[in-house]
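Enquirer: Would you mind keeping the following structure in view while I ask a few things?
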Amino acid sequence: MKMTFYAVFDTNVLVSALMTRRADSPTVALLDYVLDRRIVLLYNDDILSEYDEVLHRSKFDFSDDRIQAVIDLVKTGIHLDPTTSSEDFPDPDDRVFYEVALAKDGSYVVTGNLKHFPRTPIVVTPAEMLRMLTTD
């Protein structure tokens, strides 16, 4: 039986998945795993607001339909209240992603910016998450 993973995707993971032209990109593969329910996304209202705000930035030029499809996909996951953490964050806006992941035992934060998060085992890159999915 294949293991189900629980994860919070940092906004840069979604941006990368929408921007890439490579179907074999780790970020695109991760969205496929969400569709297959091998990854269950964790989120709260602050995370949804961040996704919506960033994905609508004019520099990305993503269509409203694509943005809504991604947000709807996230909403197939689990809405959680964050667990307070005493960790330091270079960007305070990233704290919510980490704290929502802490709210569910065994979950991960998937990010392309490791330096924005504490060095803990729950913080992984898209490639690392993909390896976990393909070796379980």
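The values are calculated or read from the model by the stated rules, or taken from the named source; none is laboratory data. Here the structure is a predicted model, which means the values were calculated and not measured. Note: ideal-geometry Cβ built from the backbone for every residue, glycine included; neighbour counts use all protein chains shown.
Enquirer: Quick check: is even one residue across region 120-136 within 13 Å of the chain's Cα centre (by Cα), modelled with pLDDT of 95 or more, buried (at least 20 other Cβ atoms within 10 Å of the Cβ) and of a type in the set (S, T, N, Q)?
Expert: no
Enquirer: For residue 115, state whether it is out of contact with any Lys or Arg (no Cβ under 9 Å at 6 or more places or on another chain), at pLDDT 95 or above and surrounded by fewer than 16 Cβ atoms within 10 Å (Cβ to Cβ).
Expert: Details: out of contact with any Lys or Arg (no Cβ under 9 Å at 6 or more places or on another chain): yes; at pLDDT 95 or above: no; surrounded by fewer than 16 Cβ atoms within 10 Å (Cβ to Cβ): yes.
Answer is no for this residue.
Enquirer: Next question. Out of all the residues in region 73-86, is one or more basic (Lys, Arg), modelled with pLDDT under 95 and surrounded by fewer than 17 Cβ atoms within 10 Å (Cβ to Cβ)? I'd like the intermediate steps shown before the answer.
Expert: Going residue by residue through region 73-86, those that are basic (Lys, Arg) are 75.
Applying the additional criterion that residues be modelled with pLDDT under 95 yields none.
Scanning region 73-86 turns up no residue that is basic (Lys, Arg), modelled with pLDDT under 95 and surrounded by fewer than 17 Cβ atoms within 10 Å (Cβ to Cβ).
Enquirer: Going by the structure shown, is residue 29 on the phi < 0 side of the Ramachandran plot, among the hydrophobic types (A, V, I, L, M, F, W, C) and surrounded by fewer than 14 Cβ atoms within 10 Å (Cβ to Cβ)?
Expert: On the way: on the phi < 0 side of the Ramachandran plot: yes; among the hydrophobic types (A, V, I, L, M, F, W, C): yes; surrounded by fewer than 14 Cβ atoms within 10 Å (Cβ to Cβ): no.
In short, no.
Enquirer: Here are 18, 41: which of them is hydrophobic (A, V, I, L, M, F, W, C), more than 19 Å from residue 132 (Cβ to Cβ) and without any contact (Cβ under 8 Å) to a residue 60 or more places away in the chain?
Expert: On the way: 41 fails: more than 19 Å from residue 132 (Cβ to Cβ).
Only one candidate passes the filter, namely 18.
Enquirer: Exactly one condition in (1) in contact (Cβ under 8 Å) with a residue 12 or more places away in the chain; (2) assigned to a helix (DSSP H, G or I) is false for residue 131; which is it?
Expert: Tallying (1) in contact (Cβ under 8 Å) with a residue 12 or more places away in the chain; (2) assigned to a helix (DSSP H, G or I), residue 131 fails exactly one: (1).
Enquirer: Pairs, please: C-beta under 8 Å, at least 6 apart or cross-chain, first residue part of a helix (DSSP H, G or I) and in region 83-100, second of a type in the set (Gly, Ala, Ser) and surrounded by 10 or more Cβ atoms within 10 Å (Cβ to Cβ)?
Expert: 95/85; 98/85; 99/85
Enquirer: Okay, moving on. Could you check region 1-15 and list, in sequence order, the residues that are assigned to a helix (DSSP H, G or I) and either of a type in the set (Lys, Arg) or more than 14 Å from residue 128 (Cα to Cα) (or both)?
Expert: Residues of region 1-15 that are assigned to a helix (DSSP H, G or I), as a first pass: 11-15.
Those that are assigned to a helix (DSSP H, G or I) and either of a type in the set (Lys, Arg) or more than 14 Å from residue 128 (Cα to Cα) (or both): 11, 12, 14, 15.
Enquirer: If you go through region 52-68 one residue at a time, do you hit one that is under 13 Å from residue 10 (Cα atoms), touching a Pro at 6+ places or on another chain (Cβ under 9 Å) and either exposed (fewer than 11 other Cβ atoms within 10 Å of the Cβ) or hydrophobic (A, V, I, L, M, F, W, C) (or both)?
Expert: no
Enquirer: Sort out which residues of region 50-82 are free of Cβ contacts under 8 Å to residues at least 24 places away in the same chain and under 14 Å from the mean Cα position of the chain (by Cα), and write them in order of number.
Expert: Within region 50-82, 52, 71, 72 meet the criteria.
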